[in-house]
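Data first, discussion second: the structure below is written as structure tokens.
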Amino acid sequence: MEIASNENLLKNFYFRKARKHKLRVKFRIMLVLFILPASSIIFLLFFNSSEYDVAANQRSLLGILFDLVILVYVLFIYLTRVKQLLPKSSYIELNQENHKEIWNICNEIIEKLDLSKLKLKIYYIKTNDIEAHITLEKGVVHLFLSRALISHSHHYPKELESILGHEFGHIVQGDSKLFLITKKAFRLPIFLNNMRLCFGIFLALLLFLFSPRQMEPALSIIVISLIYRRIYTGFNRLRKESEFLADLCSLIIIEKSEIIKIVNDYIPESNSPNYPSKKERLKSIELFKRVLLKDK
Ligand SMILES: [Zn+2]
């Protein structure tokens, strides 16, 4: 691509964006794992039931306990960590001798992205879709490549290179924990929170019809549920952003990157709340390309 002419400038453009993204991820994880539980605990500690309506207080205490249980659950998943991302069944480590080409491509990308401090392990997963996953744990990058991708790459090395450019972007962007949280930890909490929201709305309607002066507890349930919803959807937004930025990484780091072709050919037209669709990714790549051309 002609935009690769001023490499350092482009790299810095990407690194700046990646750094901001990383901070946003960190802050949001802090918020969910520490700030929210801490504020709930403080509230519980300083709670004085004698001063207010006891029944209403019990209800709000129950609500806070409910959120604490959810947060403990998220924390548990978060702490039990990375390899959970993949089905444990089937991955085999790939050594350097038998897979020189793959290792060479990885090492080149690692150097370009200044990730040389990290150790790399590559695994082969026995699936027939073209797919790749990456995680970072305790200074070791774990890269998982599917059987289909590896055999495909013998004929189309440039495509593998472009995909790996994207994957290592996730390492620069500090996305490992984000993957974990959006993939596993939040499914149940989001479901429970939505149930609570429905309950709150139902209760509000009932109270509105029969006892409009006592609507306060129902409204507080709705407000709390909406706040939590906002926090969870924030993670989904970040998750999408992580894909857009990883595409940008491939575009900048890999000379003549084929990331557009890859998104076109292998990304399903999905409607997942936390994973961008093919259309969204292509649009984001187009936008980045326009900005990069302007910046040149
Ligand atoms: Zn990705």
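Only the coordinates and a few stated rules stand behind these numbers; no lab work does. Bear in mind the structure is a predicted one, so any value in this text is a computation, not a measurement. Here the Cβ positions follow ideal geometry from the backbone for every residue, glycine too, while neighbour counts run over all protein chains shown.
Would you mind telling me the antiparallel percentage of the DSSP bridges in the chain, rounded to 5?
Expressed as a percentage, antiparallel bridges in the chain total about 60.
Amide H of Leu94 versus every other amide H placed in the peptide plane: which residues, excluding those fewer than 5 positions away on the same chain, fall under 5 Å?
Here the answer is Ile122, Tyr123, Tyr124, since their amide H atoms fall under 5 Å of that of Leu94.
Assuming 1.567 mPa s and 4 °C, estimate D for region 155-278 with Stokes-Einstein, Rh taken as the Kirkwood radius over Cα pairs, in µm²/s.
Once the numbers are plugged in, D ends up at 76 µm²/s.
For Lys261, give me every one of the aspartates and glutamates with a C-alpha distance below 18 angstrom, ignoring sequence neighbours fewer than eight places off in its own chain.
Glu2, Asp129, Glu131, Glu159, Glu161, Glu167, Glu243, Asp247, Glu269, Glu280, Glu286
Would you mind ranking Val172, Val140 by Cβ crowding within 10 Å, fewest neighbours first?
Fewest-to-most ranking of Val172, Val140: Val140, Val172.
I need the phi-derived Karplus couplings for region 262-274: 6.51 cos²θ - 1.76 cosθ + 1.60, θ = phi - 60°, integer Hz, Gly and Pro marked x.
Once θ is set to phi - 60°, the couplings for region 262-274 become 5, 4, 4, 8, 10, 8, x, 7, 9, 10, 6, x, 10 Hz.
On C-alpha positions alone, give me the angle between the axis of helix 54-80 and the longest principal axis of the chain, in degrees, nearest 10.
The two axes meet at around 20 degrees.
With an 8 Å Cα cut-off and a minimum separation of 6 or more residues, compute the relative contact order for the chain in percent.
22 percent.
If you wrap the chain's Cα atoms in a convex hull and average its projection over all directions, what's the area in nm²?
With every direction weighted equally, the projected area is 18.9 nm².
Compute the helix-to-body angle for 7-30: its Cα long axis versus the longest principal axis of the chain, expressed 0 to 90° and rounded to tens.
30
Determine the distance separating the Cα centre of region 228-277 from the Cα centre of region 142-211; give it in Å without decimals.
Value for the Cα centre distance between the two parts: 11 Å.
Any idea what angle helix 216-253 forms with the longest principal axis of the chain, computed on alpha-carbon atoms, 0 to 90 degrees, nearest 10?
Relative to the chain, helix 216-253 is tipped by roughly 10 degrees.
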